[in-house]
1. How large is the dipole of the chain about the Cα centre if only Lys and Arg carry +1 and Asp and Glu carry -1, each at its Cβ, rounded to the nearest 20 debye?
2. Over the chain, calculate the relative contact order: mean separation of alpha carbon pairs under 8 Å at least 6 apart, over the residue count, as a percent.
3. Please identify the trypsin sites (Lys or Arg not before Pro) of the range 1-91 that satisfy two criteria: DSSP loop assignment and at most 13 other Cβ atoms within 10 Å. Which are they?
4. Going by how many other Cβ atoms sit within 10 Å of their own, how do M1, M112, M83 line up, fewest first?
5. Determine, from the Cβ-Cβ distance of K81 and F157 and an R0 of 35 Å, the FRET efficiency 1/(1 + (r/R0)^6), rounded to the nearest 0.05.
6. Compute the distance from the alpha-carbon center of the range 23-82 to that of the range 173-208, in whole Å.
7. For the pairs K141/K176; K26/K187; K26/K141, flag any whose C-alpha to C-alpha distance is greater than 31 Å.
8. Using the reciprocal of the averaged 1/r over all distinct C-alpha pairs, how large is the Kirkwood radius of the chain in Å?
Amino acid sequence: MAAAREEAENVMFGALDNLSANTKIKPKDIGVLVVNCSLFNPTPSLSALIVNKYKLRGNIRSFNLGGMGCSAGVIAIDLDKDMLQVHRNTYAVVVSTENITQNWYFGNKKSMLIPNCLFRVGGSAVLLSNKGSVKRRAKYKLVHVVRTHKGADDKAFRCVYQEQDDDGKTGVSLSKDLMAIAGGALKTNITTLGPLVLPISEQLLFFATLVVKKLLNAKL
């Protein structure tokens, strides 16, 4: 537990210090904080750890997301976006990290050994704002956020699954169906996002191509 806390502190505090240095934003100016980490969710929470470290203000909207996998970063951004639509003239911060200190797998099950090769130490901190005064300083403008939840599908639900092997050793199992499931979710997202970003001419071209393909397949 102590090692996992130390890793979390080093990663999150380092990312936040860099963010503060680059943006010149003071901790007391932050109105919304969203932290996401799937595998390490101590009490007090990681978001509370940040609030305590930087002495953030008492009326901050603070959220801690856990167990949501690689999609949690997008979910955190979406949550921040929703909060900024409600609270005007606000700074919002997203801190994304993963912590596998307590979930390093020491067994021999192949599907549970893969995460050992994929994950190391890392994290990021992103600043969002709806303040008109900082519009010119912003690197990007958040226009659309698209999310698709595949949790109702049993294969999708179990494609990334924390469990114990036959020897009682804990780890995260990655299913062989993971890439296909991720591809299906990506296809759904692109289909949803397309009409929002493509001009009418491109949408008509896509529709015409789709109709032609269906007609050709029907003839074959």
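1. Computed about the Cα centre, the dipole is about 1060 debye.
2. Relative contact order for the chain comes out at 20 percent.
3. Qualifying residues, ordered by number: K24, K55, R57, R88.
4. The order, fewest Cβ neighbours first, is M1, M83, M112.
5. 0.85
6. 29
7. K141/K176; K26/K187
8. By the Kirkwood definition, the hydrodynamic radius is 20.1 Å.
Quick note: the coordinates plus some simple rules give every number you see, no bench work behind them. Owing to the predicted nature of the structure, the values given are computational and were not obtained by experimental measurement. Cβ sites come from the backbone with ideal geometry, for glycine too, and all protein chains shown count toward neighbours.
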